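*Asks:* This is the structure I have questions about; it appears just below.
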Amino acid sequence: MSKRVLFIDHAVSQRDDRGSAYLKTRGHQVTWVRPAGGESLPALGEHDALVVYGGAEMLSSDLDSPAFPHLRVEVDYIGRWLAADKPYLGICLGSQLMATALGAKVGPLPDKRYELGFVRILPTGVDESFMSEPLHMYQWHQEGWELPRGAEHLATGPDFKNQAMRHGRHAYGLQFHPEVAPPTFQRWLDEVPDACTRLGAQSREKQVEDARLHDERMRLWFEGFLDRWLAD
């Protein structure tokens, strides 16, 4: 059955993600909104599922900053969406906004290191249908979230231990970026020239080589996840 899926975007560059592209091929209706650009969020009943993507905002410092009024608007909207137990997917910043809406803390590691590049993620064993084996997933973030009360811990990593969670039946938060194909992350690296010099970041050469090794499995996992997520 076709679903109406709302995507909240924070980036200013083109929307070339593999998530919305795949959902369109499956017959779902995709709508984009960018509250950071002044666009209003629709009523909850207008869509069947919500995807909230990443962005450069840092919730530990930006959440209540007058420079980022959209963040509190999104937290409130996400909280009402989760309370309605409707399908939700938060990726990177989207997972951090989900955690915030559920009352959990978001912030950096003590040494402020990044995860930037492909990182091996391990399933916790809570739900094998979510992830049945370790996978390398693309990462780009400095902040992570504590597990909210009542959420299930689905995947973990070497530095940021909380990599995936589920709350209720249909709400998922992913700290990693399975929606990002190699041309997209290479464009991000072009747009942020100092990215690979940051603490914890992998070199551009390693990221490109790792993409050859791991991107196809990441893509297949993500497409399977999206199908299962919207199956009900």
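Quick note: the coordinates plus some simple rules give every number you see, no bench work behind them. Computed from a predicted structure; not experimentally measured. Methodologically, a virtual Cβ is constructed for each residue, glycine included, from the backbone with ideal geometry; neighbour enumeration extends over all protein chains shown.
*Asks:* List the relative contact order of the range 4-229 as a percent without decimals, with contacts defined as Cα pairs under 8 Å and 6+ residues apart.
*Replies:* For the range 4-229, the relative contact order is 19 percent.
*Asks:* Still on this model: Across every pair of different alpha-carbon atoms, what Kirkwood hydrodynamic radius in Å does the range 125-232 reach?
*Replies:* When all Cα pairs of the range 125-232 are included, the Kirkwood radius is 15.2 Å.
*Asks:* Over the alpha-carbon set of the range 4-60, divide Rg by the Kirkwood Rh and report the Rg/Rh ratio to two decimals.
*Replies:* Taking Rg over the Kirkwood Rh, I get 0.97.
*Asks:* Show the residues, 5+ positions off or on another chain, whose built amide H is closer than 5 Å to the amide H of C92.
*Replies:* Correct list: L174, Q175, F176.
*Asks:* Next question, about the same structure. Just the number, please: percent antiparallel of the DSSP beta bridges in the chain, rounded to the nearest 5.
*Replies:* The antiparallel fraction comes to roughly 55 percent.
*Asks:* Further, regarding this structure: For the range 20-149, state the semi-axes of the equivalent ellipsoid (square roots of 5 times the eigenvalues of the alpha-carbon gyration tensor), sorted largest first and rounded to whole angstrom.
*Replies:* After diagonalising the Cα gyration tensor, the semi-axes are 23, 21, 15 Å.
*Asks:* Can you give the local net charge around K105? Use residues other than it whose beta-carbon is closer than 11 angstrom to its beta-carbon, Lys and Arg +1, Asp and Glu -1.
*Replies:* -2
*Asks:* Also, I was wondering about something else. So what is the calculated 222 nm ellipticity per residue for the chain, using -39500 (n - 2.57) for each DSSP H run with n of 4 or more, over all residues, to the nearest 500 deg cm²/dmol?
*Replies:* So the calculated ellipticity at 222 nm is -9500 deg cm²/dmol.
*Asks:* Which entry in (i) 0.93; (ii) 1.01; (iii) 0.95 matches Rg/Rh (Cα atoms, Kirkwood Rh) derived from the coordinates of this structure?
*Replies:* (i)
*Asks:* Still on this structure, please answer the following. Taking the beta-carbon count within 10 Å as an exposure proxy, list C92, C196 from fewest neighbours to most.
*Replies:* Ascending Cβ contact count within 10 Å gives the list C196, C92.
*Asks:* If you don't mind, there's one more thing I want to ask. Taking the beta-carbon count within 10 Å as an exposure proxy, list E191, E74 from fewest neighbours to most.
*Replies:* Fewest-to-most ranking of E191, E74: E191, E74.
*Asks:* To make sure I understand, if each residue's beta carbon is the centre and we count other beta carbons within 10 Å, what order do T31, T124 fall in, fewest to most?
*Replies:* T31, T124
*Asks:* Right, next: Would you list which lysines come within 21 Å of K112, measuring only between C-alpha atoms, while excluding same-chain residues fewer than 8 positions from it?
*Replies:* K161
*Asks:* Treat every Asp and Glu Cβ in the chain as -1 and every Lys and Arg Cβ as +1, leave all other atoms uncharged, and give the resulting dipole magnitude about the Cα centre to the nearest 20 debye.
*Replies:* Computed charge dipole of the chain: roughly 260 debye.
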